[in-house]
1. Loop-only trypsin sites (Lys or Arg not before Pro) in the stretch 97-149, please: DSSP not H, G, I, E or B, and at most 10 other Cβ atoms within 10 Å.
2. Quick one: dipole size for the chain, taken about the Cα centre, charges +1 on Lys/Arg Cβ and -1 on Asp/Glu Cβ, in debye to the nearest 20.
3. Taking θ as phi - 60°, what are the ³J(HN,Hα) couplings along the stretch 151-164 by the Karplus curve (6.51, -1.76, 1.60), each to the nearest whole Hz, with x for Gly and Pro?
4. Roughly how many percent of the accessible protein surface of the stretch 460-550 is carbon and sulfur, given a 1.4 Å probe and a whole-percent answer?
5. Can you give the alpha-carbon Rg of the stretch 106-255 over 2.2 N^0.38 Å, where N counts its residues?
6. Express the carbon and sulfur contribution to the solvent-accessible surface of the stretch 106-179 as a percent, rounded to the nearest whole number, probe 1.4 angstrom.
7. Could you pull out the trypsin sites (Lys or Arg not before Pro) across the stretch 464-550 that fall in loop regions by DSSP (anything but H, G, I, E, B) with no more than 10 other Cβ atoms inside 10 Å?
8. Each residue of the stretch 513-524 in order: what ³J(HN,Hα) in whole Hz does its phi give by Karplus 6.51 cos²θ - 1.76 cosθ + 1.60, θ = phi - 60°, with x for Gly and Pro?
Amino acid sequence: MSRIAHFAFILLFCLTVSQSANAENKSAPNISLAQINADGMIADLKYLVLDLAEEKKGWSNLEELLPSFLEGIDKTRPLRIDILLGENQKERYRLILPISNLAEFRDNLEIFEISSKKQRNGPYILGNLFEGFMKYLQDDKYVVISEKLSEVNEIEDPLKRIQELLKEKYDFSALITNEKEGVADRKKSMASTRKQLLAAVKKKRDETDNAFELRKLAFTHQMDELERLFVESEKMVIGWTTDAPANEGRLVFTLKALEGTSLDASIKQFATKPSYFANVPVKMDGILNGRINHPLDEMRKENFTAFYKLLLPSLQDRIDANKDLTDEQKTSGKKVAALIIEMLDAGKETSLIDGFIDSNSTADGKYTLLGGIRSTDGAKLKEIVELLPKLMKDQTVETDVVNEESLKIHKINIKDEYKAGFEELFGAGEALYVGSTPEALWVAAGPDSIKRITDASKLVKEPAPEKVSPEVIELNVKTLPWLKMVNKVRGEKGNQEVREMLIKSLTSTDDTFSFVMKREGETIDGKAKLDKGILKFIGNVIAKFSKETL
C-alpha cells in the first residue's frame, strides 16, 4: 500500500478504532478535526455540484437539507471535533461548535431528540438520543459537547489546539499528536483493535481459501503501516483546500515521528541514496511522469515476502477457474505468474522501490513512453515474453531485438483487440518494448523505443549526482488520455458508468493530478493537486448521491 494511501486512510482508521480514552490519558493519541467554517463548506459543495457539475437537482437537495443541521450555529467561525481514543471504551467525540444563538441551537437539539437541561452550577445535561454534557463558553460563544463531564470542563480556549490549522486556512484539516511515553501503551491497546477489525474481514461467497487468506494478509499489512503511523508519530497534519478561484483542490500532509521509534528510523532512510535512474531526465508535463525512490525497511521487506508467498496460489486458483482458457493457456499463465512473482520478490532485496516513468508528446500529437524499475532478476523477463503467445491467442512477440552482453530488449506486438486503445496514445503500427539489464527492467512505447531504452541504460552507468534529491515520490498524470484508451479497450466491460462520468467531467486542459512527497529534515511532507475536471467528477459523484439518497 502506498504511503499516500496511508495518509488518505488514517482518519478513517481512527474513526473505526473501537477503543477510546479518557481525555486525561496521555498515552492516547490526540486527534482534532477542523472545518474553517460552515459557510465555507456550503460554498465548496455549491462550487463542486452546481458550478462545476451543473447538477441543479443534486444541489437543490443539499441546499434544502444542510440548514437543518446548522440552526443556532455561527456559520462564519471554525468548528472543531476531537476524537478521544484509548482503552476499553467505545469511541467518543467532543464537538466544539461556534454559536450564534444558544436558544436556537438548543431548539435544534430537541428536533434531533436530544434534550438539554441547564444546571444551577455547571454545564447542561444532555439526554434522550445522546447522553452527556454541554458547556457554553460565554466569552467565546462556543459550546463543548461530550459524554463525560471532565471532557467538557477541560476546554477553556476552544481554538487554541487548532491554531496552526486555522492559520493555514485549510477548508478541512486534521491534527494528530502523540506523547513519547505512550508508545508501549498504544501498541498494547492496538492488539484488541486489530483483532476486532480483522474479525470483520469475512470470506465472500465463491471466494477461494487462498484468495481469502491473501485478502486478510493484505489487510494485516495495511494495519501494520497504519498502526505505526498511529502509534509512533509525534505529529501529523492533513489539510484539504478547495480553491474555487484557482479551479483546483489541494491536499497537504506533514509527518514527524517520535524519536527512537521504528517510524523515525524509516523516515531517516529517505533521501539518503540517489536513485539508480537519477541521470535519466523526466519532465513532469506529459500524460504520465513520475519518480519513486522509496526505501524498504525490514518490516516492509518481510511483508512483501509474505504477500508474494500467498499471491501465487491465489493467482493460480483464478487461472484454473477461468473457463475461457485452454489447458495450455492455464499452464503458461501459471508459469508467467510464478516468474513475475519471483522477479518482484527478488526486487525487494535492493531494499527500495526505485523507478521512473516518462511520457512526452510527439509532433503528430501522439506520445512516447519510457520507464524503468530496479530489479535483481531481470533474466526471467525473456521467459515471460516467450510464454505470452501460449497464454494469449493471436499474441506475437519478437525476442532479443537487442541482444547485448548487459542489455536484452524484446518486442511485444499489440493484438488487434487492443490496437485502437494503444494507437490512440502511441500511434499506428507501434508496439510495446520491454528490456532487462542485470540491475533494472525497462519498458518503452512509441517511436524510437529501442533507442530510448538503449540511451537510458547508458545514462544510469554514469556517476550519480552528488546531491540526493529530497523527493521520494513525484507523480504527474493527465487522466483523460488514459481513460480514453481504457474505454476503447474495455468497452462495456468493468464499471463503464464511472468511466463515462469521468470522461464527461474532464477536458484536455483540466484533467491533471499531481503529487510530491519529500523529506524535509526530520519530517515527511506531501502535496497533491487536483485539476478542475477531477473536482467536477467529485461534484458529479456528490450530486448522484444527493439525487439518489436525499
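The values are calculated or read from the model by the stated rules, or taken from the named source; none is laboratory data. Computed from a prediction, not measured in an experiment: that's the story for all the values here. All Cβ positions, glycine included, derive from the backbone under ideal geometry; neighbour counts span all protein chains shown. Only protein heavy atoms, including side chains, enter the accessible area calculation; ligands, DNA and RNA are left aside. Shrake-Rupley method; radii C 1.70, N 1.55, O 1.52, S 1.80 Å.
1. Of the trypsin sites (Lys or Arg not before Pro), the ones in loops of the stretch 97-149 whose Cβ has at most 10 other Cβ atoms within 10 Å are ARG120.
2. The dipole of the chain has a size of about 520 debye.
3. Once θ is set to phi - 60°, the couplings for the stretch 151-164 become 6, 8, 6, 6, 8, 10, 10, x, 10, 4, 5, 9, 4, 5 Hz.
4. 56 percent
5. Cα Rg divided by the expected 2.2 N^0.38 Å: 1.44.
6. 46 percent
7. Listed in order of number, the matching sites are LYS467, LYS493.
8. 10, 10, 8, 9, 10, 9, 8, 10, x, 9, 10, 10
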